[in-house]
Amino acid sequence: RGVITSAGGAVRVQTLPGQENYPAVNANGIQSQVLTRWASSFSVTRTKNTALEAVGQSVSTARPSTGKRPKKPLDKKSGNKDCKADIAFLIDGSYNIGQRRFNLQKNFVGKVAVMLGIGTEGPHVGVVQASEHPKIEFYLKNFTAAKEVLFAIKELGFRGGNSNTGKALKHTAQKFFSLENGARRGIPKIIVVFLDGWPSDDIEEAGIVAREFGVNVFIVSVAKPATEELGMVQDIAFIDKAVCRNNGFFSYQMPTWFGTTKYVKPLVQKLCSHEQMLCSKTCYNSVNIGFLIDGSSSIGDSNFRLVLEFISNVAKAFEISDIGSKIAAVQFTYDQRTEFSFTDYTTKEKVLSAIRNIRYMSGGTATGDAISFTTRNVFGPVKDGPNKNFLVVLTDGQSYDDVRGPSAAAQKAGITVFSVGVAWAPLDDLKDMASEPRESHTFFTREFTGLEQMVPDIIRGICRDFLDSKQ
């Protein structure tokens, strides 16, 4: 608009390679979108023809010369680090789809794979073909670059046979996501099932198996059965029974394999929403555990080491990562000291190293103040996050202040409190701090060496509460 006048004139269009992270730009009355990446781009420049002098600058499809620095480009090798997923594309290779639509399906899957931003630290993908018998075409570990994946998808041969989707889904859930085949710990496992029409076998049982294996099943249905075809479908509600959750998020419909480009980005956005991957959420990868450690002078240095060992052994059981479980620690006497918060360390190794390096403070015992401090400063920043919050309070004596009020406030803020007492810790204090039912959230041992035996019970308690909260 307002660039080329009715007088016309020559315009030079230069093709350019694709870029990453096109910002939104308003130029010459046109507002462009933000794009994470695009295959190619071009710039439009005016010639010296006076009819085009109004342009005044070179206009590019994505980045005019505004003087702003472009966003840091995506590292092709490491991939899109914001998309945490191990994905199996379960494609339809049955006679139902036929050779022509099979090729269109491959084309669509290739576009999805490229837009995901595959890389060593980004999403990893593999492909399984469903037909008479399922065939794993390639595993997660085989390719870590988008170009290689695209080439492998293009080379897939059409197998034919019945669309035994249930059989293929079950096989994929059981065999595809092993560590030796490239699945990564703490990364959501996803199977995207492409279905042309409907399955020719039972898919419900396969969905149950996938959920048991912690796999999120998506169904992309294309050309769903018409009214007159419904009589041929074994189970009309097959999609609802196979997906991870029947909440609308895990099913995706396309009317046909033709003109599918506009469906690529919305599907990619779903697959990259790791917080929505409900079927991979377990107590091991979806909790925040804060440890409140008594550093009072009655404990002594050697017993303090036993406390740190106890904390390490509990932390070891959980899948700690930037999208998984997180650990924090606060030491208290009359004062409080945040040893590390939930966002400081995102690997198990670093968390365990940070626990080992905690230095003993020595002083009095103000447990109530410490609970308030931890609720506000450590849990405050994560209270709206996806993980369930737990606080484990360890103390060896009576608190100089009230513990009941601060603990009630912590529980009101959504934190489940476990109290662990040693030696002179009064049972009344421990029960006043613990969440309901108090008996199962209160632990006591006479000797510091007894902490070791409590580790499995604390882990079990956290997992029980996590599951109860999901009911």
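I'd like the residue in the stretch 113-126 that is of a type in the set (A, V, I, L, M, F, W, C) and crowded, with 23+ Cβ neighbours inside 10 Å and, out of all such residues, is farthest from ILE219 (Cα to Cα).
As a first pass, look at the stretch 113-126 and keep what is of a type in the set (A, V, I, L, M, F, W, C): 113-116, 118, 125.
From the residues that got through so far, the ones that are crowded, with 23+ Cβ neighbours inside 10 Å too are 113, 116, 118, 125.
On the way: ALA113: 16, LEU116: 17, ILE118: 21, VAL125: 16 Å.
Residue satisfying both the conditions and the ranking: ILE118.
May I ask you to list the residues in the stretch 329-385 that are within 27 Å of ARG404 (Cβ to Cβ), of a type in the set (Ser, Thr, Tyr) and either open to solvent by 70 Å² or more (accessible area, probe 1.4 Å) or in a helix (DSSP H, G or I) (or both)?
Within the stretch 329-385, TYR334, THR367, SER372, THR374, THR375 qualify.
Where in the stretch 150-263 are the helices (runs of 4 or more DSSP H), entirely inside, with at least 3 residues that are in contact with a strand residue (DSSP E or B) (Cβ under 7 Å, 6 or more places away or on another chain)?
165-175
Looking at this structure, is LYS175 open to solvent by 10 Å² or more (accessible area, probe 1.4 Å), in contact with a Ser or Thr (Cβ under 9 Å, 6 or more places away or on another chain) and of a type in the set (D, E, K, R)? Before you say what the answer is, go through the steps one by one.
Values: open to solvent by 10 Å² or more (accessible area, probe 1.4 Å): yes; in contact with a Ser or Thr (Cβ under 9 Å, 6 or more places away or on another chain): no; of a type in the set (D, E, K, R): yes.
No, not satisfied.
Could you tell me which numbered condition LYS72 fails, if it satisfies all but one of (1) buried (at least 19 other Cβ atoms within 10 Å of the Cβ); (2) modelled with pLDDT under 90; (3) not small (Gly, Ala, Ser)?
Exception for LYS72: condition (1).
Tally the residues that are at positive phi and either touching a residue at least 40 places away in the same chain (Cβ under 8 Å) or not assigned by the TED database to the domain that holds VAL393 (or both), restricting the search to the stretch 410-439. Write out each step before concluding.
Going through the stretch 410-439, the residues at positive phi turn out to be 414, 423.
Then drop every residue that is not either touching a residue at least 40 places away in the same chain (Cβ under 8 Å) or not assigned by the TED database to the domain that holds VAL393 (or both), which leaves 423.
Residues that pass the stated criteria total 1.
Residue by residue through the stretch 285-321, note down the ones that are among the small types (Gly, Ala, Ser) and part of a strand (DSSP E or B).
Scanning the stretch 285-321 gives a single hit, GLY290.
Does the stretch 196-216 hold any residues that are under 25 Å from the mean Cα position of the chain (by Cα) and of a type in the set (A, V, I, L, M, F, W, C), and which are they?
Residues satisfying the conditions are ALA206, ILE208, VAL209, ALA210, PHE213, VAL215.
Would you check which residues across the stretch 454-468 are open to solvent by 70 Å² or more (accessible area, probe 1.4 Å) and either among the hydrophobic types (A, V, I, L, M, F, W, C) or modelled with pLDDT of 95 or more (or both) and list them?
We begin by selecting, within the stretch 454-468, every residue open to solvent by 70 Å² or more (accessible area, probe 1.4 Å); these are 460, 464, 467-468.
Once the filter is applied, which keeps residues that are open to solvent by 70 Å² or more (accessible area, probe 1.4 Å) and either among the hydrophobic types (A, V, I, L, M, F, W, C) or modelled with pLDDT of 95 or more (or both), the stretch 454-468 yields only LEU467.
Can you name the number of the only condition in (1) in a loop (DSSP other than H, G, I, E, B); (2) closer than 20 Å to ASN377 by Cα; (3) under 23 Å from the mean Cα position of the chain (by Cα) that THR282 fails?
Evaluating THR282 over (1) in a loop (DSSP other than H, G, I, E, B); (2) closer than 20 Å to ASN377 by Cα; (3) under 23 Å from the mean Cα position of the chain (by Cα) leaves (2) as the failure.
Could you list, in sequence order, the residues of the stretch 303-320 that are open to solvent by 20 Å² or more (accessible area, probe 1.4 Å) and in contact (Cβ under 8 Å) with a residue 24 or more places away in the chain?
ASN303, LEU306, GLU309, ASN313, LYS316, ALA317, GLU319, listed by residue number.
Name, by its number, the condition in (1) in a loop (DSSP other than H, G, I, E, B); (2) in contact with a helix residue (DSSP H, G or I) (Cβ under 8 Å, 6 or more places away or on another chain); (3) over 21 Å from ALA366 (Cβ atoms) that does not hold for VAL455.
Going through (1) in a loop (DSSP other than H, G, I, E, B); (2) in contact with a helix residue (DSSP H, G or I) (Cβ under 8 Å, 6 or more places away or on another chain); (3) over 21 Å from ALA366 (Cβ atoms) one by one, VAL455 breaks only (1).
So which of ASP369, ASP322, ASP344 ends up being among the charged types (D, E, K, R) and modelled with pLDDT under 95?
Step by step, each of ASP369, ASP322, ASP344 is checked, and only ASP322 is among the charged types (D, E, K, R) and modelled with pLDDT under 95.
Condition check ((1) within 21 Å of SER297 (Cα to Cα); (2) open to solvent by 20 Å² or more (accessible area, probe 1.4 Å); (3) modelled with pLDDT of 95 or more) across all residues:
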{"site": "THR395", "(1), (2), (3)": "yes, no, yes"}
{"site": "SER399", "(1), (2), (3)": "yes, no, no"}
{"site": "ALA410", "(1), (2), (3)": "no, no, yes"}
{"site": "GLY414", "(1), (2), (3)": "no, yes, yes"}
{"site": "VAL420", "(1), (2), (3)": "yes, no, yes"}
{"site": "ALA425", "(1), (2), (3)": "yes, no, no"}
{"site": "ASP432", "(1), (2), (3)": "no, yes, yes"}
{"site": "PHE443", "(1), (2), (3)": "no, yes, yes"}
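Restricting the search to the stretch 93-145, which residues are among the polar types (S, T, N, Q) and touching a strand residue (DSSP E or B) at 6+ places or on another chain (Cβ under 9 Å)?
Initial filter on the stretch 93-145 (among the polar types (S, T, N, Q)): 94, 96, 99, 103, 105, 107, 120, 129, 131, 142, 144.
Of everything in the stretch 93-145, those that are among the polar types (S, T, N, Q) and touching a strand residue (DSSP E or B) at 6+ places or on another chain (Cβ under 9 Å) turn out to be SER94, ASN96, GLN105, GLN129, SER131, ASN142, THR144.
Please pick out the residue among ILE299, ILE327 that is hydrophobic (A, V, I, L, M, F, W, C) and under 21 Å from ILE458 (Cα atoms).
None of the other options fit; the residue is ILE327.
When you go through LYS135, LYS147 one by one, which is the residue that is basic (Lys, Arg), closer than 20 Å to VAL220 by Cα, assigned by the TED database to the domain that holds ALA206 and without any contact (Cβ under 8 Å) to a residue 60 or more places away in the chain? Explain how you work it out, then say what you get.
Values: LYS147 fails: closer than 20 Å to VAL220 by Cα.
The conditions single out LYS135.
Do we have PHE213 as within 30 Å of HIS274 (Cβ to Cβ) and modelled with pLDDT of 95 or more here?
In short, no.
The values are calculated or read from the model by the stated rules, or taken from the named source; none is laboratory data. None of the values given here were measured: they were computed from a predicted structure. So basically every Cβ, Gly included, is an ideal-geometry build from the backbone, and we count neighbours across all protein chains shown. Ligands, DNA and RNA are excluded from the accessible area calculation, which covers all protein heavy atoms including side chains. Shrake-Rupley method; radii C 1.70, N 1.55, O 1.52, S 1.80 Å.
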